[in-house]
Amino acid sequence: MTYEVINEELNIEACRAADLTPEQVEMFTHSVGRDSIDTLTLFVTEDNAIVLNKDHKQYEVIKEIVEGYLQLSKSDREAMVIPDSCLWMIMVLEKAIERRARA
């Protein structure tokens, strides 16, 4: 599946929930224990692109957070105090950073 590239340098893409296959929707909702795709903020593709949900009500804020976070050094990321509301998103970003480093 092809997504809209929103930051080529940081390998960030975006899509709308309607762009996802039914299988993807099922996988994402099941993996986070939710009944709806509406709260999906982001996911990582097999080729390590970070894909943001353009339908999320906080899309622009999430985009800024992701772009900023990906530009931080490891020591700066480790020094951050992450609010509980962002823990899942930051965990996904950290996994993406690790996968990218190994690729």
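Hey, could you check the stretch 70-98 for residues that are β-branched (Val, Ile, Thr) and farther than 21 Å from Phe28 by Cα and say which is surrounded by the fewest Cβ atoms within 10 Å (Cβ to Cβ)? Outline the logic, then answer.
The initial filter retains those residues of the stretch 70-98 that are β-branched (Val, Ile, Thr), namely 81-82, 90, 92, 97.
So of that shortlist, the ones also farther than 21 Å from Phe28 by Cα come out as 81-82.
Working: Val81: 4, Ile82: 12.
The residue in question is Val81.
Does Ala101 satisfy being of a type in the set (A, V, I, L, M) and either surrounded by 16 or more Cβ atoms within 10 Å (Cβ to Cβ) or modelled with pLDDT under 90 (or both)?
On the way: of a type in the set (A, V, I, L, M): yes; either surrounded by 16 or more Cβ atoms within 10 Å (Cβ to Cβ) or modelled with pLDDT under 90 (or both): no.
Criteria not met by Ala101.
Give the residue that is nearest to the chain's Cα centre (by Cα), with candidates limited to residues of the stretch 1-18 that are under 16 Å from Tyr59 (Cα atoms) and among the charged types (D, E, K, R).
In the first step, residues of the stretch 1-18 are kept if they are under 16 Å from Tyr59 (Cα atoms); the result is 3-7, 12-18.
With the extra rule that they be among the charged types (D, E, K, R), the set shrinks to 4, 13, 16.
Numbers: Glu4: 14, Glu13: 9, Arg16: 13 Å.
Top of the filtered list is Glu13.
If you take just the strands (runs of 3 or more DSSP E) that sit entirely in the stretch 7-103, which of them hold at least 2 residues that are touching a Leu at 6+ places or on another chain (Cβ under 7 Å)? If you could, list the steps in order and put the result at the bottom.
Values: elements: 12-15, 42-44, 50-53.
So the answer is 12-15, 50-53.
The values are calculated or read from the model by the stated rules, or taken from the named source; none is laboratory data. The shown structure was predicted, so the numbers you read here are calculated from the model rather than taken from an experiment. Positions of Cβ are generated from backbone atoms using ideal geometry, with glycine treated the same way; all protein chains shown enter the neighbour counts.
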